[in-house]
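Structure first, then comments.
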Amino acid sequence: MEAHPRHVELAQESVDAYRVSFEAFFAVEWARLLKALILLTGSKEQAEDIAQGAFLKVLERWDTLDHGSDVRGYLFRTALNDYRSLYRRARLAAKRVLAPGRAAIDPFEEIAERESAVRRLLALTPRQREAIVLIGVDGLDYVQAGALLGVNESTVRSLVAQARARLAKETDTDDE
């Protein structure tokens, strides 16, 4: 069964209605997107930069986009993602620059702290050390740690409590 030429024309016209030119799309959507971004950013210049970037990304993908779907939604999502990325980067940069009272970490201090922690762990009995490492470092619960150590859950709780008390006592004597 062969399609009639008029049916082919009608089908092509309906496809063309969905497939507008990028220039027409830009003309319709620019002001709408810019207003939304100005409200979001509070800055016309920043909003224009984000809008331009979003339109550029849409233009790069224009031939592969499904024009029957929500291209406008794709544009807004792209702009919103760009804004979020910009905001995240600015927030991280501000944390690095404006972090109050944070001096550079002395590598020798880190080594001394690790050595102190290892020394305090070695001061525990082997069973206390095993229990505290399984619970505190490996993140196991008391039942799992008991199964690994071959003891009851209550024994693990007791060993951990003893280890914590001893570590706290060691910390207090180190501070003096």
Problem set entry | Matching residues, the stretch 104-163, being part of a helix (DSSP H, G or I) and among the charged types (D, E, K, R) | E109, E110, E113, R114, E115, R119, R120, R127, R129, E130, E153, R157
Problem set entry | Hey, V97 among the β-branched types (V, I, T), farther than 18 Å from Q52 by Cβ, modelled with pLDDT under 75 and loosely packed, with under 14 Cβ neighbours inside 10 Å or not | yes
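The values are calculated or read from the model by the stated rules, or taken from the named source; none is laboratory data. Values in this document were obtained by computation on a predicted structure and should not be read as measured data. No Cβ is skipped: glycine too gets one built from the backbone with ideal geometry, and neighbour counts run over all protein chains shown.
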